[in-house]
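The values are calculated or read from the model by the stated rules, or taken from the named source; none is laboratory data. Predicted model only: the values in this text are computed from it and were never measured. Don't worry about glycine lacking a Cβ; one is built from the backbone with ideal geometry, like all the others, and counts go over all protein chains shown. Just so you know, the surface numbers come from the protein's heavy atoms only, side chains and all, with ligands and any DNA or RNA stripped out. Shrake-Rupley method; radii C 1.70, N 1.55, O 1.52, S 1.80 Å.
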Amino acid sequence: MSVIKLENVSKFYKSGEGVSVGMQKVSLEFNLGEFVAVVGESGSGKSTLLNVISGLDSYEDGELYIQDEETSHFLIKDWEKYRAKYIGFIFQSYNIIDSYTVYQNVMLALEIQNYPSQLRKARALELIDKVGLTSHKNHRAAKLSGGQKQRCVIARALAKDCPIIVADEPTGNLDSESGKQVINLLHEISKDKLVILVTHDYDQVQDIATRKIKMHDGEVVEDKTFKPNTLIEQKPEVTVNSMQFRTLMRFALRNILSMPKRFFFFMLLQIMIITTFSLIYSNLMSSARNETFEMGFGGNYNSYFNFSTDRISDNRMMVLRKDGSIMDASDYNHLNQFSDALYVYKNVTFMDNSYVSDMNYLNVEGRYIYNYSSKFDSIKTIQSAPQFLIGGSINNLDDHDIIVSNSFNDIEINDQIKMTSRQRITEFHIATFEPASESLPDRYTWPGFDYNMQYEAELTIYDSEGNYVNYYTYTNYVYVEELEQIFTNFEIDYITVDVIKTIYEEISFNVKGFYNDNLSGTIYFSDALLETNSYGYAMSVISSNSIAAERLFNQIDKSVYRVIYPRLNRDAVSQLFAPLNLIISLFYYVLVYFFGIFFYFILFSVMKNVMSSRKKDFAIFRSIGANESKLGMLVILEQLYLMFLSFIISMVIITVIRYYDFSTNFIMQQMTFTDYIILLITFTYLSTWLARRFNKKTFKLSVIENITESKEEGL
Ligand code: ADP
Ligand code: MG
């Protein structure tokens, strides 16, 4: 039995049209304890023989036996296993990872074979010492001389502790002194191993070699053994352990860090892509969602107590007694006990009935500047709606201090806003009209009105069956012509008039700061102001978010209270459009998906060159026993590291942009936790996809083709 046996093995190279012979009908046997020198002129097939023996290249004809096992049926996996178990390589072109230090290069071999981790470091240092590179152990391989590189490779081959060492002109690029050192090292380690060495300088190994093989035109023309081999019957001991995932993760991290410039370049690129993509995503999503939101369901006017609901946020609802009577402390305490009720405000008249048209802005000198009603669309409280404070302070506020949305961009701190608040005090039914008669005056004045007070009259219109038709509001009087118009338009028999007495009160507020909530146009009042108001017809309840608000809505006893929560109305209507919304959101998701792919194609084309320059590294990893699936995993891990780091940095950048850019803040506010998860999954998927593409390209070729190709590309 022999360790390696070749039987009529032939290897042909297809180049262009023709076929050239690498080696022809070679039959040889090798055993442990041999130091074989392979000689022959250039092109005689020495390298081919070595590559075939070491499983780096395939053969076409004949049979190669490894410990009597046929190899013609071997798959890539089997060759990988064989190389990992048996072979240590030393090439003429010092196949070394240039971006690694000497120590890391040696460490690599120990890690790939899963050498006991607690002994790894000591073993690596011992081997480095053995090849005389201790003083250079932390130098990057790229900075070493040829002889030093070759010694580093030998240390790495030794680290592998394998029975066969193949060396292809290891001294070819060295001066004679370095050459001698390398040969001596090889001799030292050759004792119970099989060493096959290709050399153009036989004299150099004459004293050491136990056997000489001469090749010519791909054939063996001479095979002489000089020394008897005492180990001829010895079987090689091989154990091979696969790299652990933990080691692989460390390995990936080291790869990234060993190329800091490249690393930062790609991180920058990824950060740009992730940031841009996240902004596009949130933008598209927020418009997709607003589509649902804004389909004509802004606010509405609640006639029961005549307050507008269009300033009720998704976190807030109004609670009234079902019988319409004034609420008191028992209602306040009852509502306060719900855990989802964050704040209960006793009187919503102020919050919801402030006359928006009477909201005037005065500057510090008290001069009327502007009417802000158009920009003003909601009331919140300072404490319950935390935002970025981008000016002023929220400390030591009194009842009449307010914080405003930065959408009021020409308001300054300490400016004043005057608002007229309307409080409804009573309401009563005054009349039922028959159709107008000749006897009515031009202008019909409501009977019993005090002209020093302001009134509002609601004309409620019923048809002849007593069904509600419409209603109008007027102040102290109505023109008879208008009344007649209503009678004819609706073909009705009578109109009832209810009159509401209201008190108007002007209140001044001092602007103490700005919240960055651009476009929402909110005015934030102090809790104290809203809470100390006397009890009214309705209370306002705020929850921490819309989910809590909905829960609260369901908990409140509807037999006692009437709850006005416009969000649910909006949702109910928008559900009618649910299928349409689904199509719209699908469309946006597809759009976003294509954006993602597009960005990654950019990244891919930039990274392609870099990855192909790393082909040599991967060939080396493979040649020292790392298998394809592990290396594939390695590339994926590298990409994921880059992506995760870039993702985190991108999120930090977006947070900073949000602070300074109001519209970004507005858009990003609509991002939910799920959106971030979707983003992360998208990038994880794309990074993995990118890595897989590289893997496909890299591992398509055999190890030797890879090495050759990267050499041809001059890398
Ligand atoms: P040596 O190492 O003795 O110089 P090689 O084994 O490299 O010789 O080459 C043997 C023969 O095979 C030569 O004729 C060479 O031109 C040919 N050959 C080697 N590698 C390739 C290749 N990748 N493609 C085509 N022909 C090749
Ligand atoms: Mg050669």
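Against the definition (among the basic types (Lys, Arg), modelled with pLDDT of 85 or more, out of contact with any Cys (no Cβ under 6 Å at 6 or more places or on another chain) and open to solvent by 20 Å² or more (accessible area, probe 1.4 Å)), how does residue 289 come out, yes or no?
Values: among the basic types (Lys, Arg): yes; modelled with pLDDT of 85 or more: no; out of contact with any Cys (no Cβ under 6 Å at 6 or more places or on another chain): yes; open to solvent by 20 Å² or more (accessible area, probe 1.4 Å): yes.
No: the conditions fail for residue 289.
If I go through the range 1-20 residue by residue, how many of them are of a type in the set (Val, Ile, Thr), within 27 Å of residue 194 (Cα to Cα) and open to solvent by 70 Å² or more (accessible area, probe 1.4 Å)? Quick ask: steps written out before the conclusion?
Step one: of the range 1-20, the residues of a type in the set (Val, Ile, Thr) are 3-4, 9, 19.
Add one more test, that the residue is within 27 Å of residue 194 (Cα to Cα), and what stays is 3-4, 9.
Pick out the ones that are also open to solvent by 70 Å² or more (accessible area, probe 1.4 Å) and you get none.
The total comes to 0.
Could you list, ordered by first residue, the pairs with Cβ atoms under 7 Å in which the first is in the range 81-109 and in contact (Cβ under 8 Å) with a residue 24 or more places away in the chain and the second is of a type in the set (Asp, Glu), at least 6 apart or interchain?
Close Cβ pairs satisfying both conditions: 91/168; 92/168; 92/169; 97/617.
Name the one entry in 108, 125, 133 that is open to solvent by 10 Å² or more (accessible area, probe 1.4 Å) and not small (Gly, Ala, Ser).
Unique residue meeting the criteria: 125.
Which of the residues belonging to the range 29-54 are on the phi < 0 side of the Ramachandran plot and either open to solvent by 10 Å² or more (accessible area, probe 1.4 Å) or of a type in the set (Asp, Glu) (or both)? It would help to see each step written out before you state the result.
So the first thing to find is which residues in the range 29-54 are on the phi < 0 side of the Ramachandran plot, and the list is 29-32, 34-39, 41-42, 44, 46-54.
Hits for the range 29-54 are 29, 31, 34, 39, 41, 42, 46, 47, 48, 51.
State the number of residues belonging to the range 34-85 that are within 16 Å of ligand 2 (Cβ to nearest atom) and aliphatic (A, V, I, L, M). Working first, answer last.
Residues of the range 34-85 within 16 Å of ligand 2 (Cβ to nearest atom): 36-54, 56-57.
Checking which are aliphatic (A, V, I, L, M) leaves us with 36-39, 49-50, 52-53, 56.
Total satisfying the criteria: 9.
Looking at the structure I just gave you, is residue 120 more than 16 Å from ligand 2 (Cβ to nearest atom), surrounded by 15 or more Cβ atoms within 10 Å (Cβ to Cβ), under 28 Å from residue 256 (Cβ atoms) and free of Cβ contacts under 8 Å to residues at least 60 places away in the same chain? Break it down into steps so the answer makes sense when it comes.
Values: more than 16 Å from ligand 2 (Cβ to nearest atom): yes; surrounded by 15 or more Cβ atoms within 10 Å (Cβ to Cβ): yes; under 28 Å from residue 256 (Cβ atoms): yes; free of Cβ contacts under 8 Å to residues at least 60 places away in the same chain: yes.
Taking the combined requirement at face value, the residue satisfies it.
Evaluate the following for residue 534: is it modelled with pLDDT under 75, small (Gly, Ala, Ser) and more than 30 Å from residue 681 (Cα to Cα)? Even if it seems obvious, please write down each step before you answer.
Working: modelled with pLDDT under 75: yes; small (Gly, Ala, Ser): yes; more than 30 Å from residue 681 (Cα to Cα): yes.
Criteria met by residue 534.
Can you name every residue in the range 529-556 that is outside any helix (DSSP H, G or I) and touching a helix residue (DSSP H, G or I) at 6+ places or on another chain (Cβ under 9 Å)?
If the condition is that a residue be outside any helix (DSSP H, G or I) and touching a helix residue (DSSP H, G or I) at 6+ places or on another chain (Cβ under 9 Å), then 533, 535, 536, 537, 538, 539, 540, 541, 542, 543, 556 are the ones that fit.
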